[in-house]
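K.L.:
Before we start, here is the structure in question, set down as structure tokens.
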Amino acid sequence: MFRRNILMPASRLFDQTSFYRQFEKDLRSARQRIIIESPFITNHRFYTLLPLLERAMRHGTSVIINTRNPHEHELWMRKQACDCIATLQELDASIFYTTALHRKIAIVDDVAWEGSLNILSQSDSCEIMRRTESPEYVGDLIKFTKMSRWYNR
């Protein structure tokens, strides 16, 4: 569980209209790692973020995507997810599948994002995301969610 003796670091809330502007800034400044947990991946949102993910990888940033296995999706979404995942694999991103994944989390270096927004598929829904900048909080989140099995600091 989270350490009890550490105060909760300052954070800010974003909605579906303000999230991507700040998230894209975070992706542009990524130096070490980008971890995205998004249950769904669709073309529109994926191809909006792909240039930033490609740029980060060219500069040596590790990119890890955790999503549902495309076979858990309806047929129309399955094809999109498979194509997007293939593109990421060609770029050497690490892809992991978690059955029935519902978490929506991203870690960009020492910034944690968490909330209700499917980062790689959101289009027209009302959402909330919290941005917290703290190496300690990111470390706790990695341990709590067991992301450490893919990424060790």
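K.L.:
Against the definition (modelled with pLDDT under 95 and either in contact with a Phe, Trp or Tyr (Cβ under 8 Å, 6 or more places away or on another chain) or farther than 25 Å from Ser29 by Cβ (or both)), how does Thr48 come out, yes or no?
P.N.:
Here the answer is no, as Thr48 does not meet what is asked.
K.L.:
Condition (residue is open to solvent by 90 Å² or more (accessible area, probe 1.4 Å), in contact with a strand residue (DSSP E or B) (Cβ under 8 Å, 6 or more places away or on another chain) and assigned to a loop (DSSP other than H, G, I, E, B)) applied to the range 128-138: is it met by at least one residue?
P.N.:
no
K.L.:
Would you tally the residues in the range 66-102 being open to solvent by less than 60 Å² (accessible area, probe 1.4 Å) and either touching a Cys at 6+ places or on another chain (Cβ under 8 Å) or hydroxyl-bearing (Ser, Thr, Tyr) (or both)?
P.N.:
Final tally of qualifying residues: 5.
K.L.:
Count, please, the residues in the range 24-55 that happen to be within 23 Å of Ala86 (Cα to Cα) and either among the aromatic types (Phe, Trp, Tyr) or without any contact (Cβ under 8 Å) to a residue 12 or more places away in the chain (or both).
P.N.:
Summing the residues that are within 23 Å of Ala86 (Cα to Cα) and either among the aromatic types (Phe, Trp, Tyr) or without any contact (Cβ under 8 Å) to a residue 12 or more places away in the chain (or both) in the range 24-55 gives 4.
K.L.:
Checking the conditions here, which among Arg21, Arg31 is over 21 Å from Arg103 (Cβ atoms) and either in contact with a helix residue (DSSP H, G or I) (Cβ under 7 Å, 6 or more places away or on another chain) or assigned to a helix (DSSP H, G or I) (or both)?
P.N.:
Arg21
The values are calculated or read from the model by the stated rules, or taken from the named source; none is laboratory data. Model, not experiment: these values are computed from the prediction. With ideal geometry, Cβ positions are generated from the backbone for all residues, glycine too; neighbour counts draw on all protein chains shown. Surface areas here come from the heavy atoms of the whole protein model, side chains and all, with no ligands, DNA or RNA. Shrake-Rupley method; radii C 1.70, N 1.55, O 1.52, S 1.80 Å.
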